[in-house]
Structure formats: C-alpha cells, structure tokens
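What follows is one structure encoded as structure tokens, with my remarks underneath.
The values are calculated or read from the model by the stated rules, or taken from the named source; none is laboratory data. All values derive from a computational prediction rather than experimental measurement. No Cβ is skipped: glycine too gets one built from the backbone with ideal geometry, and neighbour counts run over all protein chains shown.
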Amino acid sequence: MREDWDRRARENARHFVNTEQTDWTDENFFASGEKTVAEEILTDMGNICQGKAPAEMRVLEIGSGAGRVTRALAGLFGEVHAVDVSGEMVRICREALRDRPNAFVYQNNGQDLSVVPELPFDFAFSSIVFQHIPSREIIECYVREVHRLLRPGALFKFQVQGNVGPEPRPDETWLGASFSERQVVEMALRCGFEPRYRYGAGEQYFWQWFFKS
C-alpha cells in the first residue's frame, strides 16, 4: 500500500487523490476540498459539532492525501490531525499546510493510529480512503482506533465501498473491500459505535455516521 501510494504521489499526487482532473492548479485543487467540506461538513454541523463551536474542536482525518480536504478542515476547525500511509503524500500535504499552523500530519503504518497523539477528538472524518483498502479487517481496525481517540458521543463520518462485488486481491491498492448494510452495522457494533445513519448502500460512496456509544 505504501509503495503504491508513494509511486502515485510521485507520478501525479493530485490526480490520484481526485481523479476528476489530471492537471490541477492550486486554486482548483483546494477549491475541490472546500466543496467537499461544504457538501459533507457544513450541511451536517448539528451532528458534527453537537453545540460546540468549530473553532474549539479537535478533528481527526483518516487519509490526508495531498491535503485537499485537510486544508479546508483546518480553515474551519480549531485543530486538525491527519494521517496517511504514504510518506510522499505526507510530505506534499505538509507543504500544502505550511500556512495552517493548526494542522498536523503524520505518516502511519497502514493499520492503526498509534502515531496520533492520545488526545480527545471531537469529530473524525474520512473521504475516498477506505474504498482503496482491500481488507475489511484493516478497515475495522481503523474504525476501532478512531473509537479509541474520540470523546464519548462524538461522530465518525466516513465512506466505504458499497458496490458489493468479487473480493479484491490482498495486494490490491486501488479498488478495496466492499460492505453491505449488514456488514457495516455489525462492524459498528463490534467497535463500540452506534450506526445511526447511512446513505448510498450499493454505491461507490457509501456514507456512514458512527457515533461513539
């Protein structure tokens, strides 16, 4: 996973983060991250903030990539911590965040969040990341790790692959494992979450709202 994403980062990091374009300008690339935040965060502030001011919140992002969404999150929330398995992506992301002193990016091991400071997080988010992981066990490990870091009652909003099809090869790093509705609900309960809402079952972008019990 690390080798493939390092290679993709060196080849064309922004394209592999968002395949809508092959030649992103700074302005358009980071505007696409602002669009994601506008559509998935700003429309859902009740569930996300739960009465807390965004500027007072500490947020965790799984899969920073080249900083497309991380930068937008850092413009909204008080503190953002993000991880990525690719050292090349982390390097590019840190450069994108050089004027965001409230954002911190770490290279993790592709299995857990042990690299993240053990601080109470108010919200966790992940977009177009788990769709690339071929192992449901590793995805569940991430979910369990997010549970460990979130404060009670906080939300983990994320996507999984909902197009149920053949199992991916263990060395696949582009098209990951898919989940049915039953599988995501069972995963949530095993990891200590309440799976309150979900949207997009059977589709590529299967959104989950997991609240820490």
Original post:
Which pairs do you get when a residue that is closer than 14 Å to S127 by Cα, found in segment 192-213, comes within reach of a residue that is hydroxyl-bearing (S, T, Y) and at pLDDT 95 or above, reach meaning Cβ atoms under 7 angstrom, with the pair 6+ apart or on two chains?
Top reply: W207/Y199; W209/Y197
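Taking Q204, is it in a helix (DSSP H, G or I), among the polar types (S, T, N, Q) and within 27 Å of W5 (Cβ to Cβ)?
Spelling it out, it is not the case that Q204 is in a helix (DSSP H, G or I), among the polar types (S, T, N, Q) and within 27 Å of W5 (Cβ to Cβ).
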Original post:
Which condition number in (1) over 17 Å from the mean Cα position of the chain (by Cα); (2) in contact (Cβ under 8 Å) with a residue 24 or more places away in the chain; (3) closer than 22 Å to I41 by Cβ is the one that K157 fails?
Top reply: (1)
Subject >> Among residues of segment 148-164, those that are in contact with a Leu (Cβ under 8 Å, 6 or more places away or on another chain), within 17 Å of R190 (Cβ to Cβ) and surrounded by 21 or more Cβ atoms within 10 Å (Cβ to Cβ), counted >> reply: 2
**OP:** Report those strands (runs of 3 or more DSSP E) wholly inside segment 1-117 carrying at least 2 residues which are acidic (D, E).
**Re:** 79-84
Original post:
Restricting the search to segment 108-139, which residues are within 24 Å of R71 (Cβ to Cβ) and among the charged types (D, E, K, R)?
Top reply: D122
Original post:
Across segment 52-89, which residue is surrounded by the most Cβ atoms within 10 Å (Cβ to Cβ) among those that are within 20 Å of R7 (Cβ to Cβ) and of a type in the set (V, I, T)?
Top reply: V83
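Can you tell me how many residues within segment 117-143 are among the charged types (D, E, K, R) and under 25 Å from G51 (Cα atoms)?
2
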Original post:
Among the residues of segment 140-156, is there at least one that is within 18 Å of V69 (Cβ to Cβ), touching a helix residue (DSSP H, G or I) at 6+ places or on another chain (Cβ under 9 Å) and in a strand (DSSP E or B)?
Top reply: yes
**OP:** For I92, state whether it is crowded, with 20+ Cβ neighbours inside 10 Å, in contact (Cβ under 8 Å) with a residue 24 or more places away in the chain and under 23 Å from F179 (Cβ atoms).
**Re:** no
Subject >> Within segment 95-125, considering residues that are in contact with a helix residue (DSSP H, G or I) (Cβ under 9 Å, 6 or more places away or on another chain) and among the aliphatic types (A, V, I, L, M), the one surrounded by the fewest Cβ atoms within 10 Å (Cβ to Cβ) >> reply: L119
Subject >> Evaluation of P101 against (1) at pLDDT 95 or above; (2) over 19 Å from P117 (Cα atoms); (3) not β-branched (V, I, T) (one fails), failing number >> reply: (2)
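Please enumerate the residues belonging to segment 66-86 that are polar (S, T, N, Q) and within 11 Å of A103 (Cα to Cα).
Scanning segment 66-86 gives a single hit, T70.
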**OP:** Quick one: count up the residues across segment 107-129 that are free of Cβ contacts under 8 Å to residues at least 60 places away in the same chain and either among the aliphatic types (A, V, I, L, M) or within 21 Å of F29 (Cα to Cα) (or both).
**Re:** 3
Original post:
Within segment 160-182, can one find any residue that is out of contact with any strand residue (DSSP E or B) (no Cβ under 8 Å at 6 or more places or on another chain), within 27 Å of F121 (Cα to Cα), part of a helix (DSSP H, G or I) and modelled with pLDDT of 95 or more?
Top reply: no
